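K.L.:
Sharing a structure, written as C-alpha cells. Questions coming.
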Amino acid sequence: MSDTSPLDGPAQTSARRRLWRLVALGALALGLVVGPLGLTAHAEGNAASFVVAANLTKDGALKVEQTITFTGPVPAEVSQKIETRENLIGNREYELTLSGISASAKGKAISPDVSPAGRFTTISVATGGATEIVVSYTVVGAVVRMDGGGTALRWRLLQGLSAPVTAFSGTVQIPSDFSYVSCTAGAPNSTTPCAFAASGVENAQVPTFRDGPRGEGEVVAIDVGFPAGAVAANERIDDQWTLGRAFSAKPLPLALALGLLVLGGLGLLALHRRAGRDAHFSGQVSKAGEFVPVGPGVTEFRVVGDVRPGHVGTIVDERVDPIDITASLLDLAVRGYLLITELPRTSTYSPTDWTLTRLERDPAALTAFEQKLLDGLAPVGASLPVSELSQRVQQSIGEVQDQLYDEMVTRGWYERRPDATRDRWTQLALGGLIIAVVITGVLAAFTTYGLVGLVLVALGLGTVFVGQEMPARTAKGSALVAGLGALRSDLLSHPTDQMPPGAELRELSEVLPYAVVLGGADRWLNAIVSTDTEEQPDSHDLSWFHGPDDWHLRDLPGSLRSFITTVSGGLFSR
C-alpha cells in the first residue's frame, strides 16, 4: 500500500504556491500601511538636544535658558513640569519661586501658558511647527545652606519634559570659586551619576554637564557647592502645619507654657485671697439657733436673731437653692402660716400630692422674702396643690431669690449681693476665656507655641471657677457661718429625747426645718416617730402637717421626704 496521498501531485503544489503568494502580498500591504504610521508615532516629539545655559548670581538667583531642538515631526505643544516644593524631614518643605518665564519659537517671542498646581508649575509652549524652542525663567530658592557655613546650588536643569531627550548638555556661569560639582540623572530620585560633569577649563570655571538619552519626564540634577560667603543662600523653608508642630513640646515653648501656668495659678490664688476671701471676725461666733436647758435633762430649741432656714442655706453656700425655699415652707408651716395636707391616693399607682393652705396669722413676724413667698403661693384661706406649685410661683420665685440676696446685704453678712458678684466675675472670666481661645487658635495656626494658648484657656477656665467663689462674707457673716457650724454639730449630736414633756412634737418640729438645711433631719424625724405610742391614726397630731385618715406618725419620714423632693424639684422648673 502506497503512503502517498491521492491529492499529492502537480495540482497540490500549484495550490500551495498561490497561498504563499497571497500571504506575502498581505504582509507587504500591511507593512506599507502600518510601517510609516509606526515610525511617525515613534519619532514624533523626540528632542534631539536639550541645551541649558544657566547663570547664578551672587545673591543666589539662577537664570536659566533652555533650547530644545526637535528632529522629525514636531509636537503641537511642548510642556515642562517643574517641581517648586520639595519635601524635607520634619513636615517641612523647600519652597522655590519661578519668575520671568518667557519663550520663543523660530526666534519669535510667544506667550507660554504657566499653570501652578500644588507642588508643581507647568510651563506649556505651542510650537507652531518650529523645530527650535527656547524657554527662559529665573528661580529663587535653589541655593541652600550647608553645614560649616557653606552653600550649595541644587537644581534640576532637566525635569518634567513632555518629550524624550537624545542629548542633554548644560553649563552654569558661577560668580566665584566652588567647592565641589556633582550631577545625577534618571528618575526624579535617582542617584545615578550623569554621563559627564566637569568644572570647566583653566581660567574659566564654568561647570559643564552632559547626559543622554533621557526618557520623557526624567531629570538631570546638579549640585554645586560653594565656600562660606561666596554665594548667598536664598532657601525658603515652609513648615507644614501639624498638631505636633502647633503644640510643640520642645524646651522653649514647653518652658514658656509651664512658667505661664505656674504664674497664672499663683495669680488666681492671690486674686481669690484678696477679693474672694471672707473677712476675719473677732470675738464670739454669731448663733442662729441653740438648745437651751429649761430643766434637769430638758432642753428646748430657740432661734437667735430671727435667722430663718432660708437665710441659713443662702449664707452657707452663697446661693438660693430649692432646698432653702423648701425648708422655708416647712418653717412657715411649723410657725402656723401654712398647713401642709397630704392627699389620699386615688389609685395604687397615682403620685402623692399635697395642698398648701395659707392660714391667717399676724404677718409682722415675717421677713420680706417670707412675705413674698407666701403671697406667691395663695391668698389667706386659699389652698394650692403642690402639683400646681411650679406654675403658680414661676414668676414670684425670682423675686423671692432677690429678696433673700438683698437680705444678705441688709443684715450685714455680705457687702454685695453674692449673685451679683458671681455674675460680674463670670462675665469677666468668660470674656477672658474667649480671648484665650482666639489667641490659642492664632498661636496654633502660625507658630509652635500652641501649648501657651492651651495654658491661657486653662487659666480662663480657672478664672470661671474662681469667679464662683468670689462672693466674700463680711466679718459679721463669717461669725454667723462659724455659729452655723456649731449648730450643725448640735443637730447631728444633740440628744433628741430631751424635749419638754408634753411639747415634744412642737419642739421637734421647730428643729426640723434647720436640720433639713444643715443636716441631721432623719434623726429628728425618727424622734417625732418615737412619740407615737398608740395604734390609732395620727392624721392630725401635728399642727402643721395633716395626713389621710389612716395616716400615722411613723409615716411622716416617708411623706416628708417625698414632699421635700417634689417641692424642691418643682420650685425652679420651667
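K.L.:
Where in the range 294-413 are there helices (runs of 4 or more DSSP H), lying wholly inside it, with at least 2 residues that are more than 20 Å from I564 (Cβ to Cβ), within 42 Å of the chain's Cα centre (by Cα) and modelled with pLDDT of 95 or more? Talk me through it step by step, then tell me what you get.
P.N.:
Values: elements: 309-317, 322-334, 368-377, 389-393, 396-410.
Correct list: 396-410.
K.L.:
Let me ask something else about it. Among the residues of the range 256-267, is there at least one that is open to solvent by 70 Å² or more (accessible area, probe 1.4 Å), touching a Ser or Thr at 6+ places or on another chain (Cβ under 9 Å) and farther than 30 Å from L384 by Cα? Please lay out each step first, then the result.
P.N.:
So the first thing to find is which residues in the range 256-267 are open to solvent by 70 Å² or more (accessible area, probe 1.4 Å), and the list is 256, 258, 261-263, 266.
From what's left, touching a Ser or Thr at 6+ places or on another chain (Cβ under 9 Å): none.
No, there is no match, as no residue in the range 256-267 is open to solvent by 70 Å² or more (accessible area, probe 1.4 Å), touching a Ser or Thr at 6+ places or on another chain (Cβ under 9 Å) and farther than 30 Å from L384 by Cα.
K.L.:
Does S489 qualify as being hydroxyl-bearing (S, T, Y), open to solvent by 30 Å² or more (accessible area, probe 1.4 Å) and not in a loop (DSSP other than H, G, I, E, B)? Before the answer, list the steps.
P.N.:
Numbers: hydroxyl-bearing (S, T, Y): yes; open to solvent by 30 Å² or more (accessible area, probe 1.4 Å): yes; not in a loop (DSSP other than H, G, I, E, B): yes.
Spelling it out, S489 is indeed hydroxyl-bearing (S, T, Y), open to solvent by 30 Å² or more (accessible area, probe 1.4 Å) and not in a loop (DSSP other than H, G, I, E, B).
K.L.:
Restricting to the range 97-123, and then to whatever is of a type in the set (S, T, N, Q) and closer than 24 Å to S176 by Cβ, can you tell me which residue is modelled with the lowest pLDDT? Break it down into steps so the answer makes sense when it comes.
P.N.:
Step one: of the range 97-123, the residues of a type in the set (S, T, N, Q) are 97, 99, 102, 104, 111, 115, 121-122.
From the residues that got through so far, the ones that are closer than 24 Å to S176 by Cβ too are 97, 99.
On the way: T97: 91, S99: 94.
That would be T97.
K.L.:
Pick out the one residue from F196, F209, F247, F226 that is at pLDDT 90 or above and in contact with a Cys (Cβ under 7 Å, 6 or more places away or on another chain). Talk me through it step by step, then tell me what you get.
P.N.:
Values: F196 fails: in contact with a Cys (Cβ under 7 Å, 6 or more places away or on another chain); F247 fails: in contact with a Cys (Cβ under 7 Å, 6 or more places away or on another chain); F226 fails: in contact with a Cys (Cβ under 7 Å, 6 or more places away or on another chain).
Just a single option satisfies the conditions, and that option is F209.
Residue-wise test of (1) at pLDDT 95 or above; (2) of a type in the set (K, R); (3) touching a Pro at 6+ places or on another chain (Cβ under 6 Å).
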residue: P513; (1), (2), (3): yes, no, yes
residue: V517; (1), (2), (3): yes, no, yes
residue: W544; (1), (2), (3): yes, no, no
residue: V567; (1), (2), (3): no, no, no
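K.L.:
Would you check if there is a residue in the range 347-362 being exposed (fewer than 13 other Cβ atoms within 10 Å of the Cβ) and basic (K, R)? Can you show your working first?
P.N.:
Initially, the range 347-362 is screened for residues exposed (fewer than 13 other Cβ atoms within 10 Å of the Cβ), giving 347-351, 360, 362.
Within this subset, residues satisfying the condition of being basic (K, R) are none.
So far as the range 347-362 goes, no, none of its residues is exposed (fewer than 13 other Cβ atoms within 10 Å of the Cβ) and basic (K, R).
Conditions (1) open to solvent by less than 70 Å² (accessible area, probe 1.4 Å); (2) over 23 Å from F70 (Cβ atoms), marked per residue:
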residue: F168; (1), (2): yes, no
residue: Y180; (1), (2): no, yes
residue: G186; (1), (2): yes, no
residue: P227; (1), (2): yes, yes
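K.L.:
When the range 440-453 is examined, which residues are found to be assigned to a helix (DSSP H, G or I) and crowded, with 17+ Cβ neighbours inside 10 Å? Break it down stepwise before answering.
P.N.:
Narrowing the range 440-453 to residues assigned to a helix (DSSP H, G or I): 440-446, 450-453.
Correct list: T440, L443, A444, G450, L451, V452, G453.
K.L.:
For the range 530-574, how many residues meet the condition of being in contact (Cβ under 8 Å) with a residue 12 or more places away in the chain and within 30 Å of T314 (Cβ to Cβ)? Break it down into steps so the answer makes sense when it comes.
P.N.:
So in the range 530-574, the residues in contact (Cβ under 8 Å) with a residue 12 or more places away in the chain come out as 530-532, 537-539, 541-554, 556-557, 559-560, 562-564, 566-574.
Restricting the remaining residues to those that are within 30 Å of T314 (Cβ to Cβ) gives 542-546, 556-557, 559-560, 562-564, 566-574.
Adding up the residues that qualify gives 21.
K.L.:
When the residues of the range 35-54 are filtered to those that are within 56 Å of the chain's Cα centre (by Cα) and modelled with pLDDT of 90 or more, which remaining residue is farthest from P213 (Cα to Cα)?
P.N.:
Taking the candidates together, the pick is A54.
K.L.:
I've got another one for you. Give me the residue from the range 518-568 that is under 49 Å from the mean Cα position of the chain (by Cα) and within 22 Å of S347 (Cβ to Cβ) and, out of that set, surrounded by the most Cβ atoms within 10 Å (Cβ to Cβ).
P.N.:
Per the stated criteria, the residue is F563.
K.L.:
Would you pick out the residues in the range 367-406 that are open to solvent by less than 30 Å² (accessible area, probe 1.4 Å), in contact (Cβ under 8 Å) with a residue 60 or more places away in the chain and farther than 17 Å from P309 by Cα?
P.N.:
Answer for the range 367-406, where residues must be open to solvent by less than 30 Å² (accessible area, probe 1.4 Å), in contact (Cβ under 8 Å) with a residue 60 or more places away in the chain and farther than 17 Å from P309 by Cα: V386, L389, S390, V393.
K.L.:
Follow-up. Check off (1) under 30 Å from E399 (Cβ atoms); (2) crowded, with 18+ Cβ neighbours inside 10 Å; (3) out of contact with any Ser or Thr (no Cβ under 9 Å at 6 or more places or on another chain) for V316 and give me the number that stays unchecked.
P.N.:
Single failed check for V316: (2).
K.L.:
Does the range 461-480 hold any residues that are more than 41 Å from the chain's Cα centre (by Cα) and open to solvent by 30 Å² or more (accessible area, probe 1.4 Å), and which are they?
P.N.:
Hits for the range 461-480 are A475, K476.
K.L.:
Now, a different point. Look at the range 124-147 and say how many of its residues are at pLDDT 95 or above and assigned to a loop (DSSP other than H, G, I, E, B).
P.N.:
Of the residues in the range 124-147, 0 are at pLDDT 95 or above and assigned to a loop (DSSP other than H, G, I, E, B).
K.L.:
Okay, next question. Name the single residue, out of those in the range 131-152 being more than 44 Å from the chain's Cα centre (by Cα) and of a type in the set (S, T, Y), that is surrounded by the most Cβ atoms within 10 Å (Cβ to Cβ).
P.N.:
The qualifying residue surrounded by the most Cβ atoms within 10 Å (Cβ to Cβ) is Y137.
Residue-by-condition table, conditions (1) without any contact (Cβ under 8 Å) to a residue 24 or more places away in the chain; (2) under 30 Å from G453 (Cα atoms); (3) out of contact with any Ser or Thr (no Cβ under 9 Å at 6 or more places or on another chain):
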| residue | (1), (2), (3) |
| --- | --- |
| A187 | no, no, yes |
| A195 | yes, no, yes |
| A198 | yes, no, no |
| F209 | no, no, no |
| R214 | no, no, no |
| V231 | no, no, no |
| F247 | no, yes, no |
| K250 | no, yes, no |
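K.L.:
Do we find that F209 is of a type outside the set (S, T, N, Q), over 29 Å from A105 (Cα atoms) and surrounded by 15 or more Cβ atoms within 10 Å (Cβ to Cβ) in this structure?
P.N.:
On the way: of a type outside the set (S, T, N, Q): yes; over 29 Å from A105 (Cα atoms): no; surrounded by 15 or more Cβ atoms within 10 Å (Cβ to Cβ): yes.
No: the conditions fail for F209.
The values are calculated or read from the model by the stated rules, or taken from the named source; none is laboratory data. Small disclaimer: the values here were computed from a predicted structure and weren't measured. A quick note on method: Cβ atoms are made from the backbone with ideal geometry, for glycine too, and the neighbour counts reach across all protein chains shown. Heavy atoms of the whole protein, side chains included, go into the accessibility calculation; ligands, DNA and RNA do not. Shrake-Rupley method; radii C 1.70, N 1.55, O 1.52, S 1.80 Å.
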